[in-house]
Amino acid sequence: MKIGLFFIIAYLLGSLQSGVWIGQLFYQKDIRNFGSGNTGTTNTFRVLGKNAGIVVLFLDILKGTLATLLPTWFDLGVNPLWFGVAAILGHTFPIFGKFKGGKAVATSAGMLLAYSPLFFVYSASIFVLFLFLTSMVSLSSIISAVLITLSTMILPIFVPIILPQQDWLLTLLATAISIFIIYRHRDNIKRIKAGTESRIPFGLNKKES
């Protein structure tokens with residue numbers, strides 16, 4: 001009963017739509033009606049600008065972190081990664097937004113931050129590297145998700161200082177999340193193939209101002 005209650009709390013944390021609320025409160029815009037229509041960080045940057053995007057990025061990461069820390073704080077005796085998954089599901093299928101949410105990238109990062117801050121820094125570095133190389137958030141998210149999943153198997157063997165122990169649940173969930181992230185980016189993949197995907201003003205292939 002207690003575990004189920006906190007699992008619901010984790011889902012509700014993930015369901016908080018910071019991009020939508022900030023857009024409506026401070027910009028009088030519903031980001032669901034602009035850009036990609038997505039409620040996550042990337043569309044917030046695109047529609048509302050850098051300042052709002054940074055705030056939403058922080059809040060979306062925070063949702064995953066807080067949810068993953070719940071079983072530690074309340075001594076639930078359950079692997080905290082499951083609560084991170086609940087937040088990811090909430091972010092992607094939010095009850096407060098007719099179950100139409102973001103693409104799970106930032107909230108997944110928040111789960112990693114709570115699980116292992118050093119592994120989070122490693123994973124964030126991969127994302128930033130590919131963002132610099134491609135100037136595309138979508139492609140960087142897809143590549144990073146795959147490489148991070150592979151890293152959960154490789155790092156405990158070759159670089160244990162970053163990830164000391166093999167955690168097969170982490171690998172299993174990372175695999176599932178990676179597949180889900182790729183699926184959620186299927187429209188982006190079509191635009192990447194067509195050469196029409198949006199680029200940001202950063203990196204080697206940045207959008208011309």
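Tell me, how many Å apart are the Cα centres for segment 60-113 and for segment 26-40?
22
Could you give the length gained on full extension between THR171 and PHE96, defined as 0.36 nm per residue of separation minus the Cα-Cα distance, in nm?
24.0 nm
At ASN33 and VAL128, where each label point lies 7 Å from the Cα along Cα→Cβ, what is the point-to-point distance in nanometres?
In this crude spin-label approximation the distance works out to 3.7 nm.
Considering the dipole of the chain built from charges on the beta carbon (Lys and Arg +1, Asp and Glu -1) around the Cα centre, which of VAL128, LEU13, THR44 is farthest to its positive end?
With unit charges placed on the Cβ atoms, the residue in question is THR44.
Set the Förster radius R0 to 22 Å, insert the Cβ-Cβ distance between ILE182 and LEU150 as r into 1/(1 + (r/R0)^6), and round the FRET efficiency to 0.05.
The pair ILE182/LEU150 has a calculated efficiency of 0.95.
Mind telling me which of LYS63, LYS29, LYS193 comes out most flexible in a GNM of the chain, alpha-carbon contacts under 10 Å?
Fluctuation is largest for LYS193.
So if each residue of separation counts as 0.36 nm, and I subtract the Cα-Cα distance between GLU208 and LYS190, what length gain in nm does that give?
4.3 nm
Below 16 Å, Cα to Cα, which aspartates and glutamates can LYS206 reach? Residues fewer than 8 away in the same chain don't count.
Cross-link targets: GLU197.
Of TYR27, TRP73, SER141, which is farthest on the positive side of the dipole of the chain, counting Cα position, with +1 on Lys and Arg Cβ, -1 on Asp and Glu Cβ, and the Cα centre as origin?
Farthest towards the positive end: TYR27.
Per the 1.4 Å probe, what fraction of the accessible area of segment 60-197, in percent, lies on carbon and sulfur atoms?
On segment 60-197, the fraction of accessible area on carbon and sulfur atoms equals 74 percent.
Return the subset of LYS63/LYS207; LYS29/LYS63; LYS50/LYS98; LYS50/LYS207 for which the Cα-Cα distance in this structure is over 21 Å, preserving the input order.
Pairs exceeding the cut-off: LYS63/LYS207; LYS29/LYS63; LYS50/LYS98.
Under the rule of -39500 (n - 2.57) per DSSP H run of 4 or more residues, summed and divided by the residues of the chain, what mean residue ellipticity at 222 nm is obtained, to the nearest 500 deg cm²/dmol?
Rounded to the nearest 500, it is -22500 deg cm²/dmol.
Can you work out the accessible area per residue across segment 52-209, with the rest of the protein chains kept in place, probe 1.4 Å, in square angstrom?
That works out to 51 Å² per residue.
The values are calculated or read from the model by the stated rules, or taken from the named source; none is laboratory data. Nothing here was measured: the structure is a model prediction, and the numbers come from that model. Cβ sites come from the backbone with ideal geometry, for glycine too, and all protein chains shown count toward neighbours. Just the protein is used for accessible areas: all its heavy atoms, side chains included, with ligands, DNA and RNA removed. Shrake-Rupley method; radii C 1.70, N 1.55, O 1.52, S 1.80 Å.
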